[in-house]
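Worksheet: one structure, shown below.
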Amino acid sequence: MIKAPRPYRLRPMRLSDISSVMAIERSAFPVPWKESAYHYEVAENRLASYQVLTIEIADLPSKIIGYAGFWMLVDEAHISTIAVANKWLRRGLGHLLLLNILFLAYKSDATMATLEVRRSNTVAQELYRNYRFEVVGGRRRYYQGNEDALIMTVEPLDSAYRSFLNRKRKELLQRLSKDLVGLDGP
């Protein structure tokens, strides 16, 4: 797991986090997952790993501002979700969540990472391309509303890719540390 610069913190998702996660989920996705799906993922799915990104400023209570998850399927890390609260977009936090997932995938001995993304979600596609994900296929009418999905994959998750991720982590942590100046709170 990545150690995020203060006041950010990454940690495993808990059942008590789900109401905060659902608030972000509803604003981030046209068709959000059901709350019961997150209950299952956190409490019962042994193949799942979900993380939350929190922010703690001064004496204010910790607040969840993002989350991500993946399923470990044999040697494949299948990224199931990444989302950041609207107020916290464009700060590099989606990068932080994705990097964290990829490092956790390494710990789980993944040899590849894959995901589906809406064909219309060009912002997310660009994020994934920044980490060398490539479109390898598609799923017609995968999402509700009959929108197609692109299947994006990065492989192999070998030592060369890990070196690339370490460089990306260093750059991102420097960026996040600089961006903390003038942070206006949750």
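The values are calculated or read from the model by the stated rules, or taken from the named source; none is laboratory data. The shown structure was predicted, so the numbers you read here are calculated from the model rather than taken from an experiment. A quick note on method: Cβ atoms are made from the backbone with ideal geometry, for glycine too, and the neighbour counts reach across all protein chains shown.
Scan segment 110-133 and report the pairs whose first residue is within 12 Å of ALA149 (Cα to Cα) and whose second residue is assigned to a helix (DSSP H, G or I), with Cβ atoms within less than 6 Å and a gap of 6+ or a chain change. Pairs that qualify, where the first residue is within 12 Å of ALA149 (Cα to Cα) and the partner is assigned to a helix (DSSP H, G or I), are VAL117/ALA124; VAL117/GLN125. The residues of segment 32-44 that are more than 17 Å from VAL84 (Cα to Cα) and surrounded by 15 or more Cβ atoms within 10 Å (Cβ to Cβ), listed by number, are ALA37, GLU41, VAL42. Residues satisfying the criterion are absent from segment 121-129 (criterion: touching a strand residue (DSSP E or B) at 6+ places or on another chain (Cβ under 8 Å) and either within 19 Å of ASP75 (Cα to Cα) or of a type in the set (Asp, Glu) (or both)). Can you tell me which residue is modelled with the lowest pLDDT among those in segment 133-148 that are touching a Lys or Arg at 6+ places or on another chain (Cβ under 8 Å) and of a type in the set (D, E, K, R)? Applying the filter and picking the extreme gives GLU147.
Table: residues versus (1) modelled with pLDDT under 95; (2) farther than 24 Å from GLN144 by Cα; (3) acidic (Asp, Glu).
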site	(1), (2), (3)
GLU25	no, no, yes
VAL52	no, yes, no
ILE57	yes, yes, no
ALA68	no, no, no
ASP75	no, yes, yes
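The criterion of being surrounded by fewer than 20 Cβ atoms within 10 Å (Cβ to Cβ), of a type outside the set (Val, Ile, Thr) and modelled with pLDDT of 95 or more holds for ALA48. With the structure loaded, tell me whether ALA105 is more than 14 Å from the chain's Cα centre (by Cα) and either surrounded by 20 or more Cβ atoms within 10 Å (Cβ to Cβ) or part of a helix (DSSP H, G or I) (or both) or whether it fails that test. It is false that ALA105 is more than 14 Å from the chain's Cα centre (by Cα) and either surrounded by 20 or more Cβ atoms within 10 Å (Cβ to Cβ) or part of a helix (DSSP H, G or I) (or both). The set of residues from segment 78-91 being surrounded by 20 or more Cβ atoms within 10 Å (Cβ to Cβ) and either modelled with pLDDT under 95 or under 22 Å from GLU171 (Cβ atoms) (or both) comprises ILE79, ILE82, VAL84.
Pick out the one residue from VAL117, VAL74, VAL136 that is hydrophobic (A, V, I, L, M, F, W, C), surrounded by fewer than 21 Cβ atoms within 10 Å (Cβ to Cβ), farther than 15 Å from VAL21 by Cβ and in contact with a strand residue (DSSP E or B) (Cβ under 6 Å, 6 or more places away or on another chain). Answer to the selection: VAL136. Kindly check whether there is at least one residue in segment 27-38 that is in contact with a Leu (Cβ under 8 Å, 6 or more places away or on another chain) and in contact (Cβ under 8 Å) with a residue 12 or more places away in the chain. Checked against the condition, which is being in contact with a Leu (Cβ under 8 Å, 6 or more places away or on another chain) and in contact (Cβ under 8 Å) with a residue 12 or more places away in the chain, segment 27-38 yields no hits at all.
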